[in-house]
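See structure below.
What follows draws every value from the coordinates through simple rules; no lab data is involved. What you are looking at is a predicted structure, and each value in this text was computed from that prediction instead of being measured. Cβ sites come from the backbone with ideal geometry, for glycine too, and all protein chains shown count toward neighbours.
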Amino acid sequence: MDIELRDEPTRLVAVHRETVRMDELPGFYDRAYRSVVAAVQAAGGTLVGPAIGWYRGMPTDTTDVSAGFPVAGLDEGEVVDGVVVEPLPGGRVAAGLHVGPYDGLRDAWMSLEDWRRAHGVTPRGDFWEVYLTDPSPDGDPGLNETLVVLPLV
């Protein structure tokens, strides 16, 4: 996986946030994305980018995670049916593209962490994944594209 340093803009995202057991992440994501899409439509907003998973700290057996989408037409702090609109802070990040099944994301993050240590940069404390392809039950998981993003201080 090639890793690059770049600057990310701050963007508004509509997210559903929970503390979730790691083995329950797939169900959380399915539930959260459906609720975010419905809430954004109900509030008159527009989805303007691919799905994200935003982790607010290092996972253990549970993780504090938000799932949602970048949005337009909604205001920061707006809450609709448990979905909140908030800024996903931008800034300097290390990012790499993982191509393959989601069960390979752990290795992608380990590669990014090895890169971070080798380059002596400090993580901000949160990190996110951008799901560039929309997987389907009939699709090939080997073709999934996920951008892994580590914000830096």
Would you give the gap between the C-alpha center of the range 21-68 and the C-alpha center of the range 95-122, rounded to a whole Å?
-> 21
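Could you please report the charge total around residue 147, scoring K, R as +1 and D, E as -1 over all other residues with beta-carbon less than 13 angstrom from its beta-carbon?
Working: positive: 6; negative: 2, 4, 8, 129, 145.
It works out to a net charge of -4.
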Applied in sequence order to the range 135-152, the curve 6.51 cos²θ - 1.76 cosθ + 1.60 (Karplus, θ = phi - 60°) yields integer Hz couplings, x standing for Gly and Pro, of x, 10, x, 8, x, 8, x, x, 9, 4, 10, 10, 8, 9, 10, 10, x, 10
What are the ³J(HN,Hα) values, in whole Hz, obtained from phi via the Karplus relation 6.51 cos²θ - 1.76 cosθ + 1.60 with θ = phi - 60°, for each residue of the range 83-99 in sequence order, with x given for Gly and Pro?
-> 9, 10, 9, 8, x, 8, x, x, x, 6, 9, 9, 9, x, 9, 9, 10
Rg ratio (alpha-carbon, reference 2.2 N^0.38 Å) - the range 102-151 | 1.33
So the angle from the long Cα axis of helix 105-119 to the longest Cα principal axis of the chain, reported in degrees to the nearest 10, equals 60
Could you give the angle, 0 to 90 degrees to the nearest 10, between helix 25-42's Cα long axis and the longest principal axis of the Cα atoms of the chain?
-> 40
Computed about the Cα centre, the charge dipole of the chain from +1 Lys/Arg and -1 Asp/Glu charges at the Cβ has a magnitude in debye, to the nearest 20, of 360
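Output the Kirkwood hydrodynamic radius of the chain, Cα pairs only, in Å rounded to one decimal. Display every interim value, and only then the final one.
On the way: mean 1/r = 0.0626 Å⁻¹.
Taking the inverse mean of 1/r over all distinct Cα pairs, the chain comes out at 16.0 Å.
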Taking the highest mean first, how do the peptides 21-30, 103-112 order by number of other beta carbon atoms within 10 angstrom per residue?
-> 103-112, 21-30
